[in-house]
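> Pasting in a structure now, in structure tokens, and then I'll have a few things to ask.
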Amino acid sequence: MPILRDLTSFEQRSFIHLVQNRMNGEDFAEIDGALLENMMSNDAEKELAQLSEESNYALKNRYRHQRQTMDYADPRKMPIDETKVRDLLRN
């Protein structure tokens, strides 16, 4: 989740200054780009949105298939599971 997106511009500058100070003289310029990119990117949100979209699409298609096809299917021609086979063979 992006950290800097919800902050104001003053808070963003203050946060970056805090990160620079905590690095204690290490070369901030090398990690600056990657660090800020990770803070501001919304890759995780995009991935979650994609998973949610796929899940909703599959659910919609299952419902549509059930309503358009399976509701009108002949139950005698449908395959049965093994528990029903056992019951049929017992009786």
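The values are calculated or read from the model by the stated rules, or taken from the named source; none is laboratory data. This structure is a prediction, so every number in the text was calculated from the model and none was measured. Here the Cβ is made from the backbone with ideal geometry for all residues, glycine too, and neighbour counts use every protein chain on show.
> Considering only region 38-57, state which residues are over 9 Å from the mean Cα position of the chain (by Cα), surrounded by 11 or more Cβ atoms within 10 Å (Cβ to Cβ) and either at pLDDT below 65 or in a helix (DSSP H, G or I) (or both).
The answer is 38, 39, 40, 43.
> Could you tell me whether region 26-37 includes any residue that is aliphatic (A, V, I, L, M), at pLDDT 70 or above and out of contact with any Cys (no Cβ under 6 Å at 6 or more places or on another chain)?
No, region 26-37 contains no residue that is aliphatic (A, V, I, L, M), at pLDDT 70 or above and out of contact with any Cys (no Cβ under 6 Å at 6 or more places or on another chain).
> With the requirement that a residue be assigned to a helix (DSSP H, G or I) and of a type in the set (Asp, Glu), what does region 70-91 give you?
Matches in region 70-91: 71, 82, 87.
> Taking residue 81, is it exposed (fewer than 10 other Cβ atoms within 10 Å of the Cβ) and either in contact with a His (Cβ under 7 Å, 6 or more places away or on another chain) or free of Cβ contacts under 8 Å to residues at least 24 places away in the same chain (or both)?
When the stated conditions are applied, residue 81 passes them.
> What is the number of the single condition among (1) surrounded by 10 or more Cβ atoms within 10 Å (Cβ to Cβ); (2) of a type outside the set (D, E, K, R); (3) part of a loop (DSSP other than H, G, I, E, B) that residue 65 does not meet?
Tallying (1) surrounded by 10 or more Cβ atoms within 10 Å (Cβ to Cβ); (2) of a type outside the set (D, E, K, R); (3) part of a loop (DSSP other than H, G, I, E, B), residue 65 fails exactly one: (3).
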